[in-house]
Amino acid sequence: MPDEIGINQSGSNMSAGLSEKTVKNMPGAYRDAPAEELPNILIVDDRKENLRVTEKVLRHLPAKLFTANSGNEALSIMLRHKFAVVILDVQMPEMDGFETAALMQEEDSMRGTPIIFVTAISKEEKYASQAAEIGAVDYIFKPINTDILRSKVCVYLDLYMQREHILKLNSTLLQSNEELERFAYICAHDLKTPLRAIYAMSQWLEEDLNGTLDSNGQKYMSGIRKNALRMEKLLDDTLAYARIGNDKEKLGRNEIISGREMAEGIVGLLAPPPKFTVEIGENFKTLEIPRLPLQQIIHNLVDNALKHHDGATGRIRIDVEEADDRYTFTIRDDGPGIAPEFHEKIFEMYQTLRPRDQIEGSGMGLAIVKKVLMTYGGKIKVDSEPGKGATFIFTWPK
């Protein structure tokens, strides 16, 4: 039979001594944690014997144990340490468990810490409801089954360590992304200066050799300048890609815009061939959305449709559907279409489905679209088959 304990008296802070074998044998995310990263458990009870018994029950868990014999002492300890779980007695003089828990929830550093209430008082449902309203994750009665207590605490220790691990990974990933974007910015910026010099020197050389270059020489000079301009465009797009997200606070505020007016402005800038028609759907009207990032996305998608169209005539349609929580935009064309095996690949950096000598572009347009949408919580996909055109569908959360 498992032990059963009753609880109630005073105590002092302590840390559980844990052997390496004990930590390794524990299941869950915290079993491999180094000693300095072990989670903390706070036990609060106004009776010393109850603190000692609870410490004895939990001492073999891979965690540091802290004790407090009053609500005030518990609050003081929680201001100095972060806890994975709090085991809190309800009946205490001066400040009971409910009051202590409510004050814990008022502090940012304590808010959200799982609290297990322990009580010997009435088992009426209203007390459990009161505990839940304060933020308790559990409400158990004395005498306590020690195996159950250990099991419940293990669950919250495991959840805590998993959450801490995820936060650490996110922090590392954020730092890596910032370093990568900084590297891309520096490289692209520094490479543009020699490119401009190559372009200018090819012009000067051609002027100096005026009348002496044969057709091949002129062709080579023209090729040098053309490729210098292409490389500059590639670097500009790489810089734009690296900057995405940096100006989110500045550019990301919603505003009321006229979708039709914005779309017409984009079409005017792109200047489609005379026999191409760009239709703007009836629903593409008043939108509450950040203007600049949406404008960039639609510009890139329409430009992509025009650039890859293989016909003398063509049709592109821009439309939107509104739901309670999001907008769903579609850019549909009647171009050559995209085979299913390339539906993901086209959103990668520097990817084009046709040789660069057949089409102008850096292969960054759709990658930029995808990154902008990810920054603002949206998604994009393409629905297409060879010979049946392509429909790009992206969502924007409200």
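The values are calculated or read from the model by the stated rules, or taken from the named source; none is laboratory data. Computed from a predicted model, the values in this text were never measured in an experiment. Here the Cβ is made from the backbone with ideal geometry for all residues, glycine too, and neighbour counts use every protein chain on show.
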>> Between Pro336, Pro355, which is in a loop (DSSP other than H, G, I, E, B) and modelled with pLDDT of 90 or more?
In response: Pro336
> Considering only residues of the stretch 35-50 that are closer than 22 Å to Ala101 by Cβ and in contact with a Phe, Trp or Tyr (Cβ under 8 Å, 6 or more places away or on another chain), which is surrounded by the most Cβ atoms within 10 Å (Cβ to Cβ)?
Replying inline: Ile43
> Counting only residues that are assigned to a loop (DSSP other than H, G, I, E, B) and under 18 Å from Leu157 (Cα atoms), which one in the stretch 108-126 is modelled with the lowest pLDDT?
Replying inline: Ser109
>> Considering only residues that are over 24 Å from Ser151 (Cβ atoms) and more than 30 Å from the chain's Cα centre (by Cα), which ones fall in the stretch 67-90?
In response: Asn69, Ser70, Gly71, Asn72, Glu73, Leu75, Ser76, Ile77
>> I'd like the full set of residues that are part of a helix (DSSP H, G or I), over 16 Å from Phe98 (Cα atoms) and charged (D, E, K, R), limited to the stretch 51-81.
In response: Arg52, Glu55, Lys56, Arg80
> Given the conditions (1) farther than 15 Å from Ile41 by Cβ; (2) at pLDDT 85 or above; (3) assigned to a strand (DSSP E or B), and given that Ser171 satisfies all but one, which numbered condition is not satisfied?
Replying inline: (3)
> Just checking, which of Asp303, Asp237 is modelled with pLDDT under 90, in a helix (DSSP H, G or I) and among the acidic types (Asp, Glu)?
Replying inline: Asp237
> From Glu94, Glu106, which residue is in the same structural domain as Asp147 (by TED's automatic domain parsing) and closer than 23 Å to Glu164 by Cα?
Replying inline: Glu106
> Looking at the stretch 208-224, is at least one residue in contact with a Phe, Trp or Tyr (Cβ under 9 Å, 6 or more places away or on another chain) and either assigned to a loop (DSSP other than H, G, I, E, B) or closer than 28 Å to Ile368 by Cβ (or both)?
Replying inline: yes
